[in-house]
Amino acid sequence: MKYLILTIAILSAPLVANAQGINWMTMDEALAAQKKNPKKIFVDLYTTWCGPCKMLDRNTFTNKDVIDYLNKHFYSVKFNAEGNEVVNYNGQRFTNPGFQPNRTGRNATHQFTTALRVTGYPSLAYFDEQGNFIQAVPGYRTPQQLEIFLKMMATDDYKKLTTTEAWNEYQRNFVSTFQ
């Protein structure tokens, strides 16, 4: 019996390590948290019907390196781009007046999604420490593909990348550490 308990404990250790997960919050919560402790904001814009969005949740947002990096350097927001959450941003109130709660599949696009000029899902949006919108990057990313964007934003390297050549060089010189 003692060996069975020990075996179960050893086999479940990786699950417990990832149980922590990303500290998701709403956009309003992230903006409020920034006022107390300035950090950049990372927003996962997803929809309920989006297959690549579900892959991002399953394959990328469960990765220990991604979890640790996001929790340390960003306030992370999970935002349904077609949902009915109210967002108060830059003195404006964003809603989804066309939202249909009983609808399955696609729904109306949220005003905040439109304000960020997001047209594809998933999209990952970044905001600076003062809540200013930086950029939204569309598409599914593996942990290793996401790493370059997270580190570029967290370190403010994005401010130096003003040309395609600079971005290409940055990618060539980037050394990945995520597993």
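Values as computed for the structure displayed
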{"item": "Sole residue being on the phi < 0 side of the Ramachandran plot and loosely packed, with under 14 Cβ neighbours inside 10 Å, chosen from 101, 122", "result": "101"}
{"item": "Single residue of the range 24-67 satisfying the filter (exposed (fewer than 15 other Cβ atoms within 10 Å of the Cβ) and small (Gly, Ala, Ser)) that is farthest from residue 85 (Cα to Cα)", "result": "51"}
{"item": "Flag for residue 157 being surrounded by 15 or more Cβ atoms within 10 Å (Cβ to Cβ) and in contact (Cβ under 8 Å) with a residue 12 or more places away in the chain", "result": "no"}
{"item": "Options 154, 115; residue that is within 22 Å of residue 37 (Cα to Cα) and under 18 Å from the mean Cα position of the chain (by Cα)", "result": "154"}
{"item": "Listing of strands (runs of 3 or more DSSP E) fully contained in the range 21-107 that carry 3 or more residues being within 19 Å of residue 124 (Cβ to Cβ) and among the hydrophobic types (A, V, I, L, M, F, W, C)", "result": "40-46, 74-80"}
{"item": "Breaking point among (1) without any contact (Cβ under 8 Å) to a residue 40 or more places away in the chain; (2) in contact with a Pro (Cβ under 7 Å, 6 or more places away or on another chain); (3) of a type outside the set (Val, Ile, Thr), for residue 108", "result": "(2)"}
{"item": "Residue that is out of contact with any Lys or Arg (no Cβ under 7 Å at 6 or more places or on another chain) and at pLDDT 95 or above, where the choices are 9, 32, 13", "result": "32"}
{"item": "Selection from the range 35-53 of residues that are farther than 12 Å from residue 75 by Cα and among the polar types (S, T, N, Q)", "result": "47, 48"}
{"item": "Filtered residue count, the range 126-158, keeping only those that are within 17 Å of residue 72 (Cα to Cα), aliphatic (A, V, I, L, M) and either part of a strand (DSSP E or B) or out of contact with any Leu (no Cβ under 9 Å at 6 or more places or on another chain) (or both)", "result": "3"}
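The values are calculated or read from the model by the stated rules, or taken from the named source; none is laboratory data. What you see is a predicted model; the values in this text were computed from it and never measured. Neighbour counts run over all protein chains shown; Cβ positions are idealised from the backbone, glycine included.
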